[in-house]
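As structure tokens, the structure follows; a few thoughts come after it.
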Amino acid sequence: MSAEATNERAPRRRRGRRIDLRRLGRAALGGSGARDRLPDAIEHVAKVHRSHHPGADLGILRRAYEFAETSHRGQTRKSGGPFITHPLAVTLILAELGAETTTLTASLLHDTVEDTEVTLDQVGREFGEEVRFLVDGVTKLEKVDYGAAAEPETFRKMLVATGNDVRVMSIKLADRLHNMRTLGVMRPEKQARIAKVTRDVLIPLAERLGVQVLKAELEDLVFAVLHPEEYARTRDVVRAHAGRPDPLEATAGRVRAVLREAGVTAEVLVRPRHFVSVHRVRLKRGEVTGSDLGRLLVLVAEDADCYAVLGELHTCFTPFISEFKDFIAAPKFNLYQSLHTAVAGEDGEVAEVIVRTHQMHRVAEAGVIALGNPYAAPEPAAAADDERSDPTRPGWLSRLLEWQRAAPDPDTFWTSLHDELAQDREITVFRADGGTVGLPAGSSCVDAAYAQYGQGGHSCIGARVNGRLVTLSTVLRDGDTLHLLMSPDTASGPSPDWLEHARTPAARIAIARWFATHPASEPAASQDGPAPPAARCAPRAPAPAARAPVAVVCDEEGLAAAHVRLAGCCTPVRPDEVTGFAVRGHAVTVHRAECPVVARMVTAGRRRIRVHWRDPDGPGAGDCRVTLRAESFSRPRLLADLTEVIASQGAAVVSAAVEPPHEQRVRHTYTLRLPDAALLPELMRAMRRVPGVYDVGRAGRPAAASL
């Protein structure tokens, strides 16, 4: 990252709060000061902490700082400054968000076990088991012990620890934020690697924990590293409006006057958008106006005042009703509560308005950190199965912890974690028995079955949504009422098609494990003969071409005349490297050699069958079926243009799926039948030439993760 990008990476309102780390470094090197007062280096941290917690005991912070400073003495960061400035900066970030004393104590010590000779037992003896647990939770695993698995296994360890104490992830997020702020001293390739992990894992976790302040700055820092040209363009847009009158200030003045006349006590502020937010607006609207660079924030004392403000806004201004959202009556899964609306300003520009109480604002900014020590609070009175009943163990975290136990190998865990966190929105589905199920947006009835019943989801045979009988592939919407129909036969298994309809890692892992432990029911083998009981209410995909385009070389089991099937999970075509497995009915299923199912079959003890492609001049050898995934920017007529190109290449569309656009990007998945596999490369090139399409690749099934 360039020095300029480092300095411009966040809106001015956030940069102004930063403390000069060089000053902290000089204070750290200058000693601890008199024993009856705080060391100079931690004095500002203590002042900020006391502003949130006036009665806080600062003695333990002094001891933690002195312990950390002594432990890290002589160590420097890549920037050349004393290492102690890093835990100090991390602690200051958390203090500004209102973290309680135990969290700050652990943040001061969070690198001592990882980077010094200090042991966890020493931390426990000096500062107690609670601090010991938090420090352990954020301590990385050694590469010398875990090799390439160190990073995924470290995150698995942190997630498990977060399941017991959400403050673990709070410290990790603040740690990553400071490391991202100082990333410019590293090599560009390492900057990119760290930024990608931050984008794919840490930012989604910050969103789920509701820590919007950290999320917003992390997004801007990642944006600057991974998309420097777009970042510079967005920065120029913001600069271009800096010297002009702000239309939002004028609208804010009118709002203040209206509320004052109505007798509603409120604070009306103009909140600048961070750079990524401005970038998204620019992509969505094409041109950015002054009103697009921020939003109005109205802060009031009580919940009822929020609705009073809303009434005045919709009475005295022209509202855009389509922009109204009530997150007070229906809070987001990450504790967020506010009213959202939009009104027309004097010049006709749209002014977005957020209305919330001061307490809602603290939670909206700091999420779980704003709760202080959530474990000291009394048990919530809400129902135990409510997604929002316990902020210390939200439903999304419980689901992560559930499926991570079913993903023993690091690669499966890491891939599944990315898929799960790529879901940028959650929905709440009401169960017929009165409970609720929280799921990622785009989840199907199959996902709901495994979310509600775990392994018992194998026995699902149908579903009713809002009273109507639907297929298990039906995508659920926020607020749907779901009644799952379960078979009394607990030995029944999932349909092969369920892997195509499952979006959540928990469902996909459970289904894949079932087939791995029931090799006679491997997915491709079930395309002939009756479907298992659990499959009868699920839609069946058309069977792949099965005109024996391959021949079995090894037939010591009597498979020479076997039926040969192309696996639907990876749709192999000539000249893919292929391998086969014997399945029930004296059949052979053929997979691409790189298909993930192959590894699972081998792990399950299934023997490979050597296969090769039939003579290309033989009857029916050219006809093939393949699944392609097109990644593109959203625009009008994109679907029509793609299907027209596909038809012009002589391919027939068997099925197509289009995921909802996300951040102006959209994913299309097509299952196609070609008269000759040799046409595939040109077809893919033709699809890539369609305006807006930036990638076309082979796919086994529609992707589980949103863009």
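No value in this document is a laboratory result; all are computed from the given coordinates. None of the values given here were measured: they were computed from a predicted structure. Glycine also receives a Cβ, built like all others from the backbone with ideal geometry; neighbour counts cover every protein chain displayed.
Our note on the geometry: Cα centres of the range 124-162 and the range 339-371, 36 Å apart.
Legend: distances between Cα atoms for LYS78/LYS190; LYS140/LYS196; LYS196/LYS332; LYS172/LYS325; pairs beyond 20 Å are LYS196/LYS332; LYS172/LYS325. Karplus-based coupling profile of the range 174-180, in residue order and whole Hz: 5, 4, 5, 4, 5, 5, 5, with θ = phi - 60° in 6.51 cos²θ - 1.76 cosθ + 1.60 and x standing for Gly or Pro. Amide hydrogen proximity for MET486: with H placed 1.01 Å from N in the peptide plane, the residues at 5 or more positions away or on another chain lying under 5 Å are ILE461. Each eigenvalue of the Cα gyration tensor of the range 405-472, multiplied by 5 and square-rooted, gives one semi-axis; in descending order these are 25, 15, 10 Å.
Inter-part distance, the range 206-227 to the range 441-514, computed on C-alpha centroids, equals 33 Å. Run through every distinct alpha carbon pair of the range 240-368 and return the Kirkwood hydrodynamic radius in angstroms, one decimal place. So the Kirkwood estimate lands at 15.1 Å.
Using the Karplus relation 6.51 cos²θ - 1.76 cosθ + 1.60 with θ = phi - 60°, the per-residue 3J(HN,Hα) values for the range 255-271 come to 5, 4, 5, 4, 5, 5, 5, 7, x, 9, 6, 7, 9, 10, 10, 9, 9 Hz, with x marking Gly and Pro.
Which of the GluC sites (Glu not before Pro) found in the range 102-138 are loop residues per DSSP with 10 or fewer other Cβ atoms within 10 Å of their Cβ?
Working: sites: GLU114, GLU117, GLU126, GLU129, GLU130; in loops: GLU117.
Taking the range 102-138 and a limit of 10 other Cβ atoms within 10 Å, the loop GluC sites (Glu not before Pro) found are GLU117.
For the range 289-346, GluC sites (Glu not before Pro) are listed when DSSP marks them as loop and at most 12 other Cβ atoms sit within 10 Å of their Cβ; the list is GLU302, GLU346.
Note that the range 198-203 has calculated 3J(HN,Hα) couplings of 4, 5, 7, 10, 6, 5 Hz, one per residue in order, obtained from phi through the Karplus relation 6.51 cos²θ - 1.76 cosθ + 1.60 (θ = phi - 60°); glycine and proline are x.
Please tell me the relative contact order of the range 240-368 in percent, rounded to the nearest whole number, where contacts are Cα pairs under 8 Å and at least six residues apart.
Numbers: 198 pairs, mean separation 32.3, N = 129.
So the answer I get is 25 percent.
With a cut-off of 12 Å on the backbone N, the residues of the range 122-144 near the modelled label site 7 Å out from GLN75 along Cα-Cβ are 139-140. Modelled this way, with points 7 Å down the Cα-to-C-beta line, the labels at GLU267 and LYS284 are 2.6 nm from one another.
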